[in-house]
Amino acid sequence: MELPLDYMALRAIWWLLVGVLLIGFAITDGFDMGVASLLPFVAKGDKERRAVINTVGPTWEGNQVWFILGGGAIFAAWPFVYAVSFSGFYLAMFLVLMSLILRPVGFKYRSKKPGAAWRRNWDWALFAGGFIPALVFGVAMGNVLQGAPFSLDSDLRVTYQDHVLGGLLHLFTPFTLVCGLASVAMLALQGATWLAMKLEKGEARDRAINYGVIAAIALIVLLAVGHVFVRFTDLGYAVVGQVDPEGASNPTHAEVVRQAGAWLSNYAKYPWMWIAPVVAFAGPALAALFLKGRQDFLAFLASSLTIFGVIGTVGFSMFPIILPSSVDAHSSLLVWNASSSHMTLFIMLLVTVVFLPIVLYYTGWVYKVLFGRVGVQDVAVNPDLY
């Protein structure tokens with residue numbers, strides 16, 4: 001059966017779609033994590049903290065749909081990537097899941113008892129549920145850029161270096177820590193702009209604005225430091241030789257070499273890609289200016305564009321590589337050699353064309369219905385709030 005889209009086109013489409021899902025997750029669930037990370041610092045006193053929590057209370061569960069969609073898309077469209085990354089970063093993923101479990105429990109249990117110590121402990125649990133995933137996601141992205149220590153044999157069985165697979169701390173290097181802190185700053189900025197948009201005027205909102213400006217400045221600095229690492233160290237991988245975009249999915253057929261500065265080569269080949277790093281640097285600067293000017297929606301929009309810029313910069317820099325190997329570059333996973341079958345990608349695309357617009361429409365409708373500012377006094381009189 002001849003399909004209307006060739007294999008190369010479907011692989012490229014799914015590479016873009018997975019990027020869109022990751023950006024959607026970072027924008028929506030990102031402000032949930034950002035709000036949780038800022039909770040102990042932005043809000044003083046129980047009423048303010050309840051007001052902050054209730055800015056995300058109606059929508060945080062729905063926002064996690066993007067996390068599930070992203071993981072499911074990687075599993076279905078890029079099974080090699082899913083298998084290698086989730087097994088190699090197992091301890092990091094476990095840490096993220098344990099942290100995310102704290103969030104629903106914290107939301108539901110925090111206000112069940114009036115004790116100050118009880119609520120304070122759950123506030124810090126919510127903080128952990130926002131800060132730790134934000135940090136680990138950034139560290140994981142840094143490890144993707146510097147390469148994961150895996151190799152594939154002739155039967156495509158994956159093997160990791162034992163000391164790396166067994167040690168979570170080996171994932172943390174100077175470069176990956178910079179990426180992790182940049183992720184924390186990016187999502188803190190997203191959370192701060194959300195709070196500026198959702199909280200009524202008051203001290204908590206003013207603190208959120210101040211922390212948002214600090215997060216924006218920190219993000220710009222950390223992105224600049226990351227750029228220095230990419231430009232002046234041995235980070236980078238390049239595809240050499242010919243790769244058949246229509247060929248069977250077999251990662252061992254590609255030839256990839258470690259090459260300093262290779263992550264910047266795509267910008268010379270495709271100048272239009274510069275839009276991503278330009279937005280990544282300009283977005284937080286604009287968000288800070290809009291926050292200072294009390295232009296809340298524009299600040300949130302600029303912060304969301306920042307997320308597109310940061311994730312887009314990583315994706316454009318690496319294309320067509322998805323996950324390089326730091327110990328056996330020939331085992332690196334590419335857009336053209338690590339996907340599901342031609343038919344699988346096509347059927348998935350048909351399903352996505354039907355259901356993704358429904359998800360987007362329903363999400364937009366929910367935000368429209370539930371939109372409105374939360375005031376400190378609201379939490380004192382409304383028994384339905386957290």
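At-a-glance table
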{"item": "Residues Thr173 and Met93, FRET efficiency given R0 of 25 Å [Cβ-Cβ distance, rounded to 0.05]", "result": "0.85"}
{"item": "Heavy-atom accessible area order for His253, His330, largest first, 1.4 Å probe", "result": "His253, His330"}
{"item": "Probe 1.4 Å - accessible area at Glu61, Å² to nearest ten", "result": "100"}
{"item": "Gap separating the Cα centres of the stretch 115-131 and the stretch 175-246, nearest whole Å", "result": "25"}
{"item": "Top of Asn63, Asn250, Asn121 by mean-square fluctuation, Gaussian network on the chain, Cα under 10 Å", "result": "Asn121"}
{"item": "Hypothetical label at Arg373: residues of the stretch 197-217 whose amide nitrogen lies under 16 Å (7 Å Cα-Cβ projection)", "result": "197-210"}
{"item": "Heavy-atom accessible area ranking, 1.4 Å probe, most first, across Ile68, Ile322, Ile209", "result": "Ile68, Ile322, Ile209"}
{"item": "Label zone at Glu61 (point 7 Å along Cα-to-Cβ), backbone N below 13 Å, the stretch 347-386", "result": "386"}
{"item": "Solvent-accessible surface (1.4 angstrom probe) belonging to Trp60, in square angstrom, nearest 10", "result": "10"}
{"item": "Mean shadow area of the chain over all directions, Cα convex hull, nm²", "result": "19.5"}
{"item": "The chain: most fluctuating residue of Gly138, Gly241, Gly130 per GNM, C-alpha cutoff 10 Å", "result": "Gly241"}
{"item": "About the Cα centre, charge dipole magnitude for the chain (Lys/Arg +1, Asp/Glu -1 at Cβ), debye", "result": "1620"}
{"item": "For the chain, calculated [θ]222 nm from helices alone, where every DSSP H run of n ≥ 4 adds -39500 (n - 2.57)", "result": "-23000 deg cm²/dmol"}
{"item": "Carbon and sulfur %, accessible surface of the stretch 244-342 computed with the full protein complex present, 1.4 Å", "result": "69"}
{"item": "Spatially proximal aspartates and glutamates relative to Lys113 (Cα-Cα < 14 Å; intrachain offsets below 8 disregarded)", "result": "Asp46, Asp123"}
{"item": "Of the DSSP H helices in the chain, those whose Cα atoms cover at least 18 Å axially and whose Kyte score averages 1.0 or more", "result": "7-42, 90-109, 174-198, 203-232, 275-292, 296-318, 342-370"}
{"item": "Per residue accessible area of the chain, 1.4 Å probe, in Å²", "result": "46"}
{"item": "Extreme residue, positive dipole direction of the chain, given options Leu171, Ala76, Gly261 (C-beta unit charges)", "result": "Leu171"}
{"item": "Largest to smallest accessible area among Lys368, Lys44, Lys269 [probe 1.4 Å]", "result": "Lys368, Lys269, Lys44"}
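The values are calculated or read from the model by the stated rules, or taken from the named source; none is laboratory data. As the structure is a computational prediction, the values presented were derived from the model and not from experiment. In this analysis, Cβ positions are derived from the backbone assuming ideal geometry, glycine residues included, and neighbour counts consider all displayed protein chains. SASA here: full protein model, heavy atoms, side chains in, ligands and nucleic acids out. Shrake-Rupley method; radii C 1.70, N 1.55, O 1.52, S 1.80 Å.
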